[in-house]
Amino acid sequence: MVFIATIKSKFNSFFKLILPYSYSELGVFTFFIITYGILGWYIALDYRIIFDERIPWDAYFSFDNRSIVMTGGSFERHPLSYYFFNWIREIALYLSDGKTNAVFRLALAWMSTLMVSLSMVQIFKYLKNIINLPLFITFLIIIFFGTFSTPIILSFTPENFTYTLFLLTLFNHYAAIKTKKEEKIPTIPLILAGVSIGGLTITNIVKVFVPIAFEKDIFRNWKKFGNAALRVTLTLICFILLYLNRINFKYENIFSKTNSQYEKFSNVKSTPIWDMILSYFFGGNILFPSFIIRNKNNMKGFDFKALLMDTYTSWLPYVFILILLILVFWSYIKNFKNKFVQILMISFFIDIIIHCIMKFGLHTAYIYGGHFVFVYPLLLGWLFYSYKSFPKILSFLTVTVSILFVYLLLNNYVRMTEFFWFLNQYYQ
């Protein structure tokens with residue numbers, strides 16, 4: 001009976017963590033699932049861009065929709081997503097009676113909508129329960145974040161990044177709860193996080209271990225340090241064994257494929273590096289730039305049109321991004337001794353190193369927003385919190401974020417109308 005009660009308690013805690021629990025959380029979830037759901041419904045039923053048998057990659061913004069849905073993506077970057085997307089694909093096929101038709105596309109879109117909406121709930125819970133912001137500020141930040149280009153696009157896109165966004169926001173919220181209670185992250189949740197997050201994108205597994213470095217007295221108590229080392233080791237062993245099993249233990253393929261992928265995605269020189277960093281890495285996942293249309297071929301004789309993001313073409317978007325970055329790094333400096341903020345920024349720095357310093361995929365860095373874009377609203381939240389006793393600065397921050405939100409909303413609305421023009425021209 002005690003065991004059953006414990007299991008029941010664990011399940012209750014899990015669902016309380018993952019699902020809307022209060023009226024305000026339910027309101028946020030309902031708003032986003034309706035808003036994003038209508039968008040996904042319209043695109044899935046009226047256009048074939050979400051999934052087209054003839055187009056494995058790059059139809060819009062370099063996403064690999066068909067390739068990801070059918071195979072999970074390349075094993076060297078997405079080692080375990082093959083198994084995950086088998087379930088996604090089979091559920092969609094079951095609902096569409098085995099056909100890759102409009103119903104199939106709608107099922108894929110709605111699963112993406114659900115994941116992004118639940119991601120919004122996780123961000124909202126963090127702002128409300130971990131940072132303890134007033135509801136007005138919390139709603140302002142979450143609606144600001146909900147207008148970012150990344151959640152808009154991922155809300156109807158069946159991709160690794162869509163599910164990674166949800167898993168990373170969920171894990172960061174869970175880790176913050178444990179950190180706030182000064183508790184360690186147990187072994188089983190750590191393994192599940194490592195396998196799921198690292199399995200979808202291998203580099204993200206490092207982020208799972210970041211909160212462990214901030215557990216209480218971990219570097220002062222050898223017993224606690226040893227326990228943490230054991231948990232990390234067990235997580236890595238489980239992940240590595242599953243990874244090797246995925247490739248039939250032909251580990252030499254990992255190195256050859258990884259090197260070829262790095263060479264392929266890190267040597268693009270058509271745009272200045274500083275502009276790619278601002279327009280693509282820091283900008284494109286938040287504020288849509290203008291779009292460009294390219295002629296593509298599926299390598300099997302089928303030509304199609306692809307939509308890609310361009311760099312910013314006026315000074316206003318650069319100013320927007322620079323102001324937002326100033327707010328983010330202001331928050332980091334102001335809260336430098338705050339372990340919650342350090343956890344977020346260290347995770348963010350991992351992506352900065354990979355894409356901006358190592359230049360991996362920098363020319364299409366806007367597609368990687370699901371790995372880190374949630375850091376922006378959380379750091380904004382901590383900035384508001386740090387000035388809770390300074391009404392004038394709070395007013396300044398509120399006005400600033402409100403102005404940024406209005407500009408973001410107008411810009412992204414206009415760009416989405418251009419996106420629909422592209423759909424009407426080539427994907428009806």
Those residues of segment 222-278 which are at pLDDT 75 or above, farther than 30 Å from Leu322 by Cα, aliphatic (A, V, I, L, M) and surrounded by 15 or more Cβ atoms within 10 Å (Cβ to Cβ), in sequence order
Ala228, Val232, Leu234, Leu236, Leu242, Ile247
Of the residues Phe75, Phe124, which is closer than 17 Å to Thr201 by Cα and either part of a helix (DSSP H, G or I) or among the aromatic types (Phe, Trp, Tyr) (or both)?
Phe75
May I ask you to verify whether Ser331 is buried (at least 16 other Cβ atoms within 10 Å of the Cβ), among the hydroxyl-bearing types (Ser, Thr, Tyr) and under 18 Å from Val401 (Cβ atoms)?
yes
Breaking point among (1) among the aliphatic types (A, V, I, L, M); (2) surrounded by 15 or more Cβ atoms within 10 Å (Cβ to Cβ); (3) at pLDDT below 95, for Leu192
(3)
Which one of Phe348, Phe320 is in a helix (DSSP H, G or I), over 20 Å from the mean Cα position of the chain (by Cα), under 21 Å from Thr147 (Cα atoms) and modelled with pLDDT of 95 or more?
Phe320
Return the residues of segment 374-398 that are in a helix (DSSP H, G or I) and among the small types (Gly, Ala, Ser); say none if nothing qualifies.
Gly381, Ser386, Ser395
Subset of segment 40-64 that is surrounded by 15 or more Cβ atoms within 10 Å (Cβ to Cβ) and in contact with a Phe, Trp or Tyr (Cβ under 6 Å, 6 or more places away or on another chain) - its residue that is nearest to Gly199 (Cα to Cα)
Asp64
Are any of the residues in segment 96-110 closer than 29 Å to Leu409 by Cβ, modelled with pLDDT of 95 or more and charged (D, E, K, R)?
yes
For Ser347, are the conditions met, namely being surrounded by fewer than 20 Cβ atoms within 10 Å (Cβ to Cβ) and among the polar types (S, T, N, Q)?
no
Within segment 105-142, which residues are closer than 18 Å to Ile177 by Cα, surrounded by 21 or more Cβ atoms within 10 Å (Cβ to Cβ) and not hydrophobic (A, V, I, L, M, F, W, C)?
Ser119, Gln122, Lys125, Tyr126, Lys128, Thr138
Filtered residue count, segment 356-366, keeping only those that are touching a helix residue (DSSP H, G or I) at 6+ places or on another chain (Cβ under 8 Å), part of a helix (DSSP H, G or I) and surrounded by fewer than 24 Cβ atoms within 10 Å (Cβ to Cβ):
4
Failed condition for Arg48, given (1) among the charged types (D, E, K, R); (2) at pLDDT below 90; (3) under 25 Å from Gly370 (Cβ atoms):
(2)
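The values are calculated or read from the model by the stated rules, or taken from the named source; none is laboratory data. Here the structure is a predicted model, which is why all the values come from computation and not from measurement. We place every Cβ from the backbone using ideal geometry, glycine too, and count neighbours over all the protein chains shown.
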